[in-house]
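Just below is one structure, and these are the notes that go with it.
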Amino acid sequence: MQKFPMTAPGLKQLEDELRNLKSVERPAVIRAIAEARTHGDLSENAEYHAARERQSFIEGRIAELEEIVSSVEVIDPSTLSGEHVKFGAHVWLMDEETEKEATYQIVGVHEADIKSARLSISSPLAKALIGKKVGDTVSVPAPGGDRSYEILGVRFGH
């Protein structure tokens, strides 16, 4: 079985979602289906069909999360060190064209959130950064043409 690298907070977030789906969402949709059934003819009952569709989504997401959680390998970035970019690193970059600076943490595929500056290890930018060190420049293909970034800093931990 393939293991997925993930940070402890990323795993906790998935476990919290799984727990919520099992203990809150699943019972609520079961109650909604039972309630909709009391309204008569199921073939024309929009509430029933919506609840069944929601139930299908919830059960699918539960199965997906259980599979992910069972194959996670938790990596604690605070135990890592070095000058090279690797999983868990916080990386400070400067876009060489715009000179804008940004900081990203390289995290697992299932915990990535670009709005929170959490970059998936499978993203083109993260793939280009892995193994590089401060002062290196990486080129990343982008829709508007290749973008170049200079690595200004690498830090592990929180």
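The values are calculated or read from the model by the stated rules, or taken from the named source; none is laboratory data. Please read all numbers here as calculations on a predicted model, not as lab measurements. Because the Cβ atoms are built from the backbone with ideal geometry, glycine has one as well, and the counts that use them run over all protein chains shown.
Here are some notes:
- Residue count for segment 82-137 satisfying the condition of being crowded, with 19+ Cβ neighbours inside 10 Å and β-branched (Val, Ile, Thr): 5.
- Checking GLY131, GLY145, GLY135, GLY40 one by one, the residue that is of a type outside the set (Lys, Arg), farther than 20 Å from GLN2 by Cα, out of contact with any strand residue (DSSP E or B) (no Cβ under 7 Å at 6 or more places or on another chain) and not assigned by TED's automatic domain parsing to the domain that holds PRO9 is GLY145 and no other.
- Residue count, segment 82-93 (criterion: within 11 Å of GLY153 (Cα to Cα), at pLDDT below 95 and among the hydrophobic types (A, V, I, L, M, F, W, C)): 2
- Any hit, segment 14-27, residues being over 23 Å from GLY88 (Cβ atoms), of a type in the set (A, V, I, L, M, F, W, C), touching a helix residue (DSSP H, G or I) at 6+ places or on another chain (Cβ under 9 Å) and surrounded by 11 or more Cβ atoms within 10 Å (Cβ to Cβ): yes
- Taken over segment 16-37, the criterion of being at pLDDT 95 or above and touching a Leu at 6+ places or on another chain (Cβ under 9 Å) is satisfied by GLU17, LEU18, LEU21.
- Top-ranked residue of segment 32-41 - restricted to ones that are of a type outside the set (Gly, Ala, Ser) and exposed (fewer than 11 other Cβ atoms within 10 Å of the Cβ), ranked as nearest to ARG19 (Cα to Cα): THR38
- With respect to the conditions (1) more than 22 Å from the chain's Cα centre (by Cα); (2) closer than 12 Å to HIS110 by Cα; (3) not aromatic (Phe, Trp, Tyr), SER81 falls short on a single one, namely (2).
- Failed item, numbered, when ILE68 is tested on (1) more than 14 Å from the chain's Cα centre (by Cα); (2) touching a residue at least 60 places away in the same chain (Cβ under 8 Å); (3) in a helix (DSSP H, G or I): (1)
- Residues in segment 42-56 that are surrounded by fewer than 13 Cβ atoms within 10 Å (Cβ to Cβ) and either hydroxyl-bearing (Ser, Thr, Tyr) or within 22 Å of the chain's Cα centre (by Cα) (or both): SER43, SER56.
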